[in-house]
Each structure stands twice: as C-alpha cells, then as structure tokens.
Amino acid sequence: PPSLVNIWPGHYGFLIGALALSGWRWLDSHPHRSGIIFGIMTVKPHLGVLVALILLVRREWTAIGFAAATTVLLAFLSGTVFGFDLWPTYVLKMLLFQADLFTGEVTRSFHHMMPTTSAAILLLGYSETTAKIWQAASALLAVGVVVEALRRRVDTLDLGLIASTAVFLVVPYAFNYDMTVVSLAALVFLARAGDLPGFWLRMGMQLVLSTGLILPLVLPILGKDDFVIGPVVLAFMLGRQLWIAIGRSAMP
C-alpha cells in the first residue's frame, strides 16, 4: 500500500524505507556499515529518533560513530555544493513551515494524510494544547514498547520493525508516504500471527495487523470526513508486534 502512495506523489519513501531496513539488517554483523546507512537516513532525521535511542541503549558505539561521521560529512558536502547559507534557512524557516502545518485552516488538508496523534486530535477539533498532551502520551507509550522490546532482547530485525512503527506515535510530523516499513512490518507480523494459539486471539491480531497494512491508503480517504484511526491502529499494532516478537524470541 505505501508503494502506491509513494508512486502517486513521486515521493522518496522507498529510499528511507530501504535505508532503515538495511541499517537494522547489518547492525549485528557489520555495525560500521549499519552506522553509515543510519547516517544517510538523517536526510529525514525525525524518522530516526528511535534508531538513536536504541543504539545508545545497546551501546552500539561503532554504529553511532559511523552514523555521526556520515551525518557530518553529508552536512559538509551539501554546504560545499549548495552553500552553507542554506543550513540556517533549513533550520529557521523550514521548521517554522512544518510547525505551521499544525495551525490554521489553510494547512488542515495535510492532516488527513498524517497518521500522527497530533494530526488526529486537531482533525477532531480539539486545541493545540490538547494535541500536545495526547502526542506526549502516545510518545511515552511508544517509547515504553521499544524499551520493553530491548529489555526482552527481541531479535534485532524485529526490534527494527517495531521501532519503525513506534516512531509514528512519537513524532507529530509524518505522512502516509513515510510508512513503507510500517506496512512491511504489519505484513511480517501478520504472517506470524497465524501460528498463535486460540482462534479469537489469532483473529484479533490478524485484523489489527491487516488494518495496519492498508493504513497508508485509507488514511486520506477517512481523514477527509475527520474519521481518524491512525494512532489507534498504530498503538494496537505496536502491542501485537511486541507480543509476537517476545514469543518468537522465547522459542528455543
């Protein structure tokens, strides 16, 4: 589903998704390669906030060092080619533009493309203060799930999929075309949900994960009528992913 969304606006969610998957793929065996890949991901930095958290908690110093060096190198190369005066413009003007997406009726049309908690609360007609409170609550929930996954020592690839889902409950600014890994994670865990015991438990998990799979496509459709399901689906899906990942890591 997010592939279709990316093709429609010609967006580069494919690239960010590929970088995220590759970074997690190589973290255990080639941390230097993983660090370089995660460093390149900083072209869209907010989607990597949980990557940074996980690397710090796991003390992946090699990956952290290569990621930091790659980021600095990219900043230097971009400044050399396009001029360093663009960096203050990016920090001061672009961030204000992004913040403006949460104010005013002109930018309200963007909210129905966003799976984040802030966008959902604003679409429901509540104030910015209320949106910030709920955003903070969803961020704490998502970070808690990631920390629990770390504590339970789930497989690194599963951890990466969980983190790629959780980040959309952490950040207020993200769009449906950013969700390439989220849908893939839903599909992977959906395949594993078929092995769970208990008919109703299995069906419930499959329903949640199936909804997560198609979420990038249905968000704009439902959002136009101010019917928001993004944060709710992501929260339930995150819980199901953790449940399945823990069970898988406990297998002999």
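Structural remarks
- Total residues in region 188-208, condition surrounded by fewer than 17 Cβ atoms within 10 Å (Cβ to Cβ), modelled with pLDDT under 85 and part of a helix (DSSP H, G or I): 6
- Look at region 73-94: where a residue is within 20 Å of residue 40 (Cβ to Cβ) and free of Cβ contacts under 8 Å to residues at least 60 places away in the same chain and a partner is open to solvent by 100 Å² or more (accessible area, probe 1.4 Å) and not aromatic (Phe, Trp, Tyr), sitting 6+ places away or on another chain with Cβ atoms under 9 Å, you get 79/85.
- Annotation: residue 27 fulfils all but one of (1) surrounded by fewer than 20 Cβ atoms within 10 Å (Cβ to Cβ); (2) in contact with a Lys or Arg (Cβ under 9 Å, 6 or more places away or on another chain); the unmet one is (1).
- Single unsatisfied condition, residue 118 versus (1) at pLDDT below 95; (2) more than 20 Å from residue 165 (Cβ to Cβ); (3) assigned to a helix (DSSP H, G or I): (2)
- Exclusive hit being surrounded by 24 or more Cβ atoms within 10 Å (Cβ to Cβ) and not aromatic (Phe, Trp, Tyr), set 235, 174, 137, 185: 185
- Some residue of region 90-109 being at pLDDT below 85, of a type in the set (A, V, I, L, M, F, W, C), surrounded by 13 or more Cβ atoms within 10 Å (Cβ to Cβ) and within 22 Å of the chain's Cα centre (by Cα): yes
- Failed item in (1) touching a Gly at 6+ places or on another chain (Cβ under 8 Å); (2) among the aliphatic types (A, V, I, L, M); (3) under 24 Å from residue 41 (Cβ atoms), with residue 245 passing the rest: (1)
- Test for residue 72: is it in contact with a Leu (Cβ under 6 Å, 6 or more places away or on another chain) and at pLDDT 95 or above: no
The values are calculated or read from the model by the stated rules, or taken from the named source; none is laboratory data. Source: prediction; values computed, not measured. Ideal geometry is used to build each Cβ from the backbone, glycine not excepted, and the neighbour counts take in all protein chains shown. The accessibility values were calculated without ligands, DNA or RNA, using every heavy atom of the protein model including side chains. Shrake-Rupley method; radii C 1.70, N 1.55, O 1.52, S 1.80 Å.
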